[in-house]
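Some notes on the structure that comes next.
The values are calculated or read from the model by the stated rules, or taken from the named source; none is laboratory data. Model, not experiment: these values are computed from the prediction. For neighbour counting, all protein chains shown are included, and Cβ atoms are generated from backbone atoms with ideal geometry for every residue, glycine included.
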Amino acid sequence: MVLFSFLLVWNNAPAATCARVKSQPDAWVAAKTDALVTAAHAAYEDDERGGPVYGKVVSRIADTIEQCKLAEDDAFAGRYREFVEYVEAASLDQRPDHELGFKVSDRQYFEETRALVQIPEFLTDQGFLRSVSRYETLERAKSFLRQLNSARPPDDQLVFFSYKSRHLGTPDNDASYGRLLVVVPGDAGRGVPDKWVQFGVPDPGARARVRNVSVVSTLAGEDGTSNVYFKDFYRTYRRDGSITIKGRWELGYGDDNCAQCHKSGVLPVFPVDGSVRADERRAVETVNERFRSYGWPRFAGYLDETKFGPGLGSANVDERERRFGSGFGATTVARSMTCTAC
């Protein structure tokens with residue numbers, strides 16, 4: 001009898017919740033919006049601790065929307081369309097088979113986009129992989145790339161440089177900020193995307209290996225948009241000295257929601273000051289010019305980016321003053337450009 005009573009109460013709990021939501025929809029949406037904003041702000045300030053909390057908040061709201069069939073309720077969905085669509089899209093990566101945050105499963109995405117995100121074969125050369133895997137031999141890797149360029153036509157030149165990232169480590173090493181970026185030109189007319197291939201590089205003298213290699217591919221369209229595709233790979237260092245590369249997801253390490261940070265697809269590169277050699281600074285300008293040529297990003301139907309709103313900028317105070325003049329930081333406009341205030 002006690003068990004029956006417990007089950008009866010438990011089964012009625014969702015119904016009671018749905019009744020409250022539908023009787024006071026404005027109050028419920030307002031409360032959940034506040035919870036979302038608070039959790040998102042905490043995640044922005046400290047992703048390691050705040051990120052999981054934000055995920056739970058999104059999941060709980062998504063569960064209520066699903067249990068109460070709010071997306072199918074014409075009155076509710078019509079009044080709170082943006083809220084419902086945002087939560088549905090933002091909660092996708094909480095599913096174990098949707099870590100990328102796309103409409104399809106991770107397996108389906110990688111199967112369908114394999115040719116678009118595969119690392120070019122010449123970048124899997126064993127000598128190159130050994131050279132790019134240590135800071136001390138990085139110049140050898142660049143010499144290899146320069147040799148490749150000597151046999152490539154002017155409009156098909158690889159653009160490359162090494163630098164230090166301002167903010168992010170690699171997926172396998174949060175403390176590793178070294179990078180070698182190689183931009184491989186494509187041919188949109190033949191359906192071949194540009195590939196931005198980025199190798200994590202250990203710090204000078206570091207003994208720990210960095211495994212990650214990221215690929216962001218962009219296929220420009222004639223309508224001023226471009227489709228963007230992502231994949232992370234891991235290098236495996238064998239005892240015989242060979243290095244193999246395989247998808248991070250295929251190796252069982254899961255993946256991340258790439259579009260959460262890459263709302264613009266490829267991101268412009270803003271290296272740590274002084275981390276790019278003088279003879280490679282022009283390459284930084286070249287890749288950022290290429291980034292600006294891609295137009296509005298699309299994700300080939302795997303994600304509807306319009307549900308998320310604009311991404312945050314990365315300009316700091318110094319950069320803003322260079323653009324708008326000294327003293328800009330003291331103006332009302334500048335004070336209003338503090339995204340974290342909201």
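What the table shows:
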| read-out | value |
| --- | --- |
| Single residue of Glu321, Glu285 found to be of a type outside the set (Gly, Ala, Ser), at pLDDT 75 or above, farther than 20 Å from Ala115 by Cα and not in a loop (DSSP other than H, G, I, E, B) | Glu285 |
| Residue within the range 172-183 that is within 24 Å of Leu303 (Cα to Cα) and basic (Lys, Arg) present | no |
| Any hit, the range 255-269, residues being over 27 Å from His98 (Cβ atoms) and either in the same structural domain as Leu158 (by TED's automatic domain parsing) or modelled with pLDDT under 75 (or both) | yes |
| Boolean, Ser217 is under 16 Å from Ser131 (Cβ atoms) and among the hydroxyl-bearing types (Ser, Thr, Tyr) | no |
| Boolean, Tyr294 is out of contact with any Ser or Thr (no Cβ under 9 Å at 6 or more places or on another chain) and either part of a helix (DSSP H, G or I) or within 29 Å of Tyr44 (Cα to Cα) (or both) | no |
| Wholly enclosed helices (runs of 4 or more DSSP H) of the range 36-151 bearing at least 3 residues modelled with pLDDT of 95 or more, crowded, with 19+ Cβ neighbours inside 10 Å and touching a Lys or Arg at 6+ places or on another chain (Cβ under 9 Å) | 126-132 |
| In the range 197-214, residue farthest from the chain's Cα centre (by Cα) [restricted to those that are hydrophobic (A, V, I, L, M, F, W, C) and surrounded by fewer than 23 Cβ atoms within 10 Å (Cβ to Cβ)] | Ala206 |
| Residues satisfying the stated conditions in the range 179-193, i.e. among the small types (Gly, Ala, Ser) and over 30 Å from Leu138 (Cα atoms) | Ala188, Gly189, Gly191 |
| Which numbered condition Leu168 misses (of (1) farther than 19 Å from Val287 by Cβ; (2) free of Cβ contacts under 8 Å to residues at least 60 places away in the same chain) | (1) |
| Residue in the range 195-206 that is farther than 22 Å from Pro271 by Cβ, touching a residue at least 12 places away in the same chain (Cβ under 8 Å) and among the aliphatic types (A, V, I, L, M) present | no |
